[in-house]
Amino acid sequence: GIQVEQSPPDLILQEGANSTLRCNFSDSVNNLQWFHQNPWGQLINLFYIPSGTKQNGRLSATTVATERYSLLYISSSQTTDSGVYFCAVERDSNYQLIWGAGTKLIIKP
Amino acid sequence: EAQVTQNPRYLITVTGKKLTVTCSQNMNHEYMSWYRQDPGLGLRQIYYSMNVEVTDKGDVPEGYKVSRKEKRNFPLILESPSPNQTSLYFCAASWTVGNEQFFGPGTRLTVL
């Protein structure tokens, strides 16, 4: 089946720093989504991005479907950005989301 | 307010004692799913439902059952829980599988 790999697994940064999180997938997909799980366990959808680039405030995401990867950029990090970031892909012709293992981000004040 | 609710939020039970975790959404979404989250493994899909009376197995369906008798509810049933089903469970709803997923707050289950 399709493999979804995220890197790095862990990232510790000072407040104000920028970061790039990567998601690689092993096969063609219908779409890709980025999620944030905060330290209290709540899961929030950040981007629905099968291709191209989207921006939402300090966050932006780019997916290059032909090369099978997506990047999540966080600029001017804040402590509230801490948590785990997941990417999830929908398989072609299959109504399921396959999730990566996540990147755990810690932003220190 | 659009939301997905799950109950209970926390549950400690013993091996073999049947339990049900409820999930309800108020958005009239057609697609609902159940995930379990274990350390280092991300989220793994247990079951999903494309619409009322339509359910399908995800990647880890063994030991679980679901039903979708009405659009808003999608309960997860563990007929005979075992310790390897100790996990954090999430219910999610979306218009279709590829649209923005709305997650419930999670249910932390411990099976002794």
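Please treat every number below as a calculation from the coordinates, not as lab data. Computed from a predicted structure; not experimentally measured. Quick reminder, even Gly has a Cβ in these numbers, built from the backbone with ideal geometry, and neighbours come from all protein chains shown.
Farthest toward the positive end of the dipole of chain A, out of A:70, A:39, A:51, is the Cα of A:39, where the dipole comes from beta carbon charges about the Cα centre. Counting Lys +1, Arg +1, Asp -1, Glu -1, what net charge surrounds residue B:62 among other residues with beta carbon under 13 Å of its beta carbon? Its environment carries a net charge of +2.
Working from label points 7 Å from Cα in the Cα-to-Cβ sense, the residue A:51 to residue A:3 distance is 2.5 nm. Per residue, the convex hull spanned by the Cα atoms of the range A:5-47 measures out at 107 cubic angstrom. Taking amide H as placed 1.01 Å from N in the peptide plane, residue B:86 has its amide H under 5 Å from the amide H of B:111, each at least 5 places away in sequence or on another chain.
In the range A:59-109, the inverse of the mean reciprocal separation of distinct Cα atoms equals 12.8 Å; this is its Kirkwood hydrodynamic radius. Taking the Cα centre of the protein assembly as shown as reference, the dipole from Cβ charges on Lys and Arg (+1) and Asp and Glu (-1) amounts to some 500 debye. Other residues lying with their Cβ under 15 Å from the Cβ of residue A:13 contribute a combined charge of 0, Lys and Arg counting +1, Asp and Glu -1.
Ordering A:61, A:6, A:106 by the projection of their Cα atoms onto the charge dipole of chain A, which places +1 on the Cβ of Lys and Arg and -1 on the Cβ of Asp and Glu, puts A:106 at the extreme positive end. Each part gets one Cα centre, and for the range B:4-62 versus the range A:53-95 those centres are 24 Å apart.
If the viscosity is 0.890 mPa s and the temperature 25 °C, what translational diffusion coefficient in µm²/s does Stokes-Einstein give for chain B when Rh comes from Kirkwood over Cα pairs? The calculation lands on 178 µm²/s. Could you compute how fast chain A diffuses translationally, taking Rh as the Kirkwood radius over C-alpha pairs and applying Stokes-Einstein at 37 °C with viscosity 0.692 mPa s? Give it in µm² per second. Result for D is 237 µm²/s. Listed by chain and number, the aspartates and glutamates placed with their C-alpha closer than 14 angstrom to that of residue B:65 are B:53, B:56, B:79; residues fewer than eight positions away on the same chain are left out. Structural size metrics of the protein assembly as shown, computed from C-alpha coordinates, are Rg and Dmax of 17.3, 50 Å.
May I ask what percent, to the nearest 5, of DSSP beta bridges between residues of chain B are antiparallel?
Roughly 90 percent of the DSSP beta bridges within chain B come out antiparallel.
Peptides B:5-17, A:62-74 ordered by packing proxy, namely the average of other Cβ atoms within 10 Å per residue, highest first: A:62-74, B:5-17.
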